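Take a look at the structure set out below.
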Amino acid sequence: MSDRSLLMIPGPIELEPTVTQVLAEKQRGHLDPRFMAAFSRALKRLRDVFLTTTAQPFVVAGSGTLAMELAVANVIEPGDAVLVVNTGYFSDRLALILERYGAQVTHVRAEPGEVPEVSAVKKVLASGRFKALTVTHVDTSTGVLAPVEALAALAREHGALSLVDGVCSVGAEALRMDAWNVDVALTASQKALGAPPGLAVLLASPRAMTAWRERKKPVPSLYLDFGEWLPVHQAYEAERPSYFATPPVQLVSALDASLGQLLVEGMDARFARHVKLAQAFRAGMRALGLTFLPARDEVMAHALSAVRYPSGVDAALVKAIAQQGVTVAGGLHPQLKGTYFRVGHMGAVSGNDVLAAVGAVERALAQTGAAKDVGAGVAAAERALR
Ligand SMILES: *Cc1c(COP(=O)(O)O)cnc(C)c1O
């Protein structure tokens, strides 16, 4: 059977053919000069993608959750006070990791679909001495976008480090590490960076590196210790052989190829494309009478949309959409799981992909009798794209 289905979930995402080709190349050793060159390029390209000239990149075999753990293990020590700007599922996960590493966690929470007020965060930050503030840039469980620039500025003002979980944002949402004074930004290869799953990616500012250097106790995990990875990454960047743990050669090479494509497009153009495609997708959904989980336009991410099921429709819709050729994801937020679905529109997505996704939703809804005016969604998305 042919497999022309389109993958539109919030990661992993469709790969570009040039990225897939890299995966099929001959196996090379981890010290092959061609691989060292690819690793070196990938590290340099990561600085350009994160819009920083000063941060130290780390690329370690693992998923986004490992990147979160890498941040916490190196920068946080037992007893450190950490403020978690909590927007849902992945903020809760970061808090769990922080607690495992002995941090004293204070949450500033919002209702699902909302972000905490910056003024509320400021009040809590001013009330104590926090080592760090963490924020989930895009909460993938709800499609909510947090104001990282304002929150990182607050952290800096109060002498706290800013740790940004950018797993669903880097490469899609505007994130300017240097200009915004972000201290740690992290992601994973399979989201908007457009590579296969398997790599944890983290960039640490000079301030974050200093916090690691000034630790009183060693990092409790050898595999996570910047002390092991820093010399290896410095060597790879200089194309010199070095070894701590075998890097996934194909994945790093695929990441390099994907980052190269990102930078050909240019970061500002890429951010603008994600805004435009998100608006087109939402125009299509609105024309079908659908609403979104994020409470307001200003807190809606551009990497994905979280769309509420209309009345009389349930999670069976996800399967019906798949039968129309587009794979989307169900809900993830523990309390709201069965009330919405999620569509990823990040990475190398095009207007055509958005139209295909809107059309598939529309036809699936028509099957359930919930879409009266078939064609209205695609027409609205077309108008928004024009
Ligand atoms: C996907 C995601 C993660 C977890 O990444 P894994 O690769 O699944 O471990 C963490 N945070 C956010 C915001 C995510 O979207």
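The values are calculated or read from the model by the stated rules, or taken from the named source; none is laboratory data. None of the values given here were measured: they were computed from a predicted structure. We place every Cβ from the backbone using ideal geometry, glycine too, and count neighbours over all the protein chains shown. Keep in mind that these areas ignore ligands, DNA and RNA; they rest on the heavy atoms of the full protein, side chains included. Shrake-Rupley method; radii C 1.70, N 1.55, O 1.52, S 1.80 Å.
For beta carbons closer than 7 Å, sequence separation of 6+ or different chains, a first residue in segment 298-326 that is assigned by TED's automatic domain parsing to the domain that holds PHE341 and a second that is part of a loop (DSSP other than H, G, I, E, B) and among the basic types (Lys, Arg), the qualifying pairs are GLY325/ARG4.
Pairs linking a residue in segment 239-262 that is over 9 Å from ALA42 (Cβ atoms) and free of Cβ contacts under 8 Å to residues at least 40 places away in the same chain to a residue that is open to solvent by less than 30 Å² (accessible area, probe 1.4 Å) and not hydrophobic (A, V, I, L, M, F, W, C), with Cβ atoms under 8 Å and 6 or more positions apart or on different chains, are SER242/TYR236. I'd like to know if segment 318-333 contains one or more residues that are open to solvent by 50 Å² or more (accessible area, probe 1.4 Å) and at pLDDT below 95. No; the residues of segment 318-333 include none that is open to solvent by 50 Å² or more (accessible area, probe 1.4 Å) and at pLDDT below 95. Among residues that are at positive phi, at pLDDT 95 or above and either out of contact with any helix residue (DSSP H, G or I) (no Cβ under 9 Å at 6 or more places or on another chain) or within 16 Å of the ligand (Cβ to nearest atom) (or both), GLY88 is not included. Comparison of LEU66, LEU7, LEU15, LEU96 shows that the only residue that is within 16 Å of the ligand (Cβ to nearest atom), free of Cβ contacts under 8 Å to residues at least 12 places away in the same chain and out of contact with any Phe, Trp or Tyr (no Cβ under 8 Å at 6 or more places or on another chain) is LEU96.
Reported count of residues in segment 347-369, each being open to solvent by 50 Å² or more (accessible area, probe 1.4 Å), in contact (Cβ under 8 Å) with a residue 60 or more places away in the chain and in a helix (DSSP H, G or I), is 0.
Going through PHE90, PHE35 one at a time, which residue ends up being among the aromatic types (Phe, Trp, Tyr) and within 25 Å of TRP180 (Cα to Cα)? Walk me through how you get there before you give the answer.
Details: PHE35 fails: within 25 Å of TRP180 (Cα to Cα).
When all the criteria are applied, what remains is PHE90.
Could you run through segment 257-272 and say how many residues are more than 14 Å from GLY198 (Cβ to Cβ) and crowded, with 19+ Cβ neighbours inside 10 Å?
Step one: list which residues in segment 257-272 are more than 14 Å from GLY198 (Cβ to Cβ), which gives 257, 259-272.
Subset that is crowded, with 19+ Cβ neighbours inside 10 Å: 257, 259, 262, 270.
The number of residues fulfilling the criteria is 4.
Test PRO33 against the criterion of being more than 24 Å from ALA303 (Cα to Cα), out of contact with any Phe, Trp or Tyr (no Cβ under 8 Å at 6 or more places or on another chain) and more than 16 Å from the ligand (Cβ to nearest atom), and give yes or no. Taking the combined requirement at face value, the residue satisfies it. Among the residues making up segment 204-234, a single one is surrounded by fewer than 17 Cβ atoms within 10 Å (Cβ to Cβ), part of a loop (DSSP other than H, G, I, E, B) and small (Gly, Ala, Ser): SER221.
Take segment 235-255 and flag every residue that is open to solvent by 10 Å² or more (accessible area, probe 1.4 Å) and under 21 Å from ALA188 (Cβ atoms). I'd like the intermediate steps shown before the answer.
Looking only at segment 235-255, we keep the residues that are open to solvent by 10 Å² or more (accessible area, probe 1.4 Å), and these are 237-251, 253.
Answer for segment 235-255, where residues must be open to solvent by 10 Å² or more (accessible area, probe 1.4 Å) and under 21 Å from ALA188 (Cβ atoms): GLU237, PHE244, ALA245, THR246, PRO247, PRO248, VAL249, GLN250, LEU251, SER253.
Only residues that are within 16 Å of GLY159 (Cα to Cα) and touching a strand residue (DSSP E or B) at 6+ places or on another chain (Cβ under 9 Å): list them for segment 172-225, please. Explain how you work it out, then say what you get.
Applying the first criterion (within 16 Å of GLY159 (Cα to Cα)) to segment 172-225 yields 180-184, 205-212, 214.
Correct list: TRP180, ASN181, VAL182, ASP183, VAL184, SER205, PRO206, ARG207, ALA208, MET209, ALA211, TRP212.
Of the residues screened, LYS372 is not one that is open to solvent by 70 Å² or more (accessible area, probe 1.4 Å) and modelled with pLDDT of 95 or more. Exactly one residue out of ARG273, ARG342 is of a type in the set (Lys, Arg) and either part of a helix (DSSP H, G or I) or assigned by TED's automatic domain parsing to the domain that holds SER169 (or both): that is ARG273.
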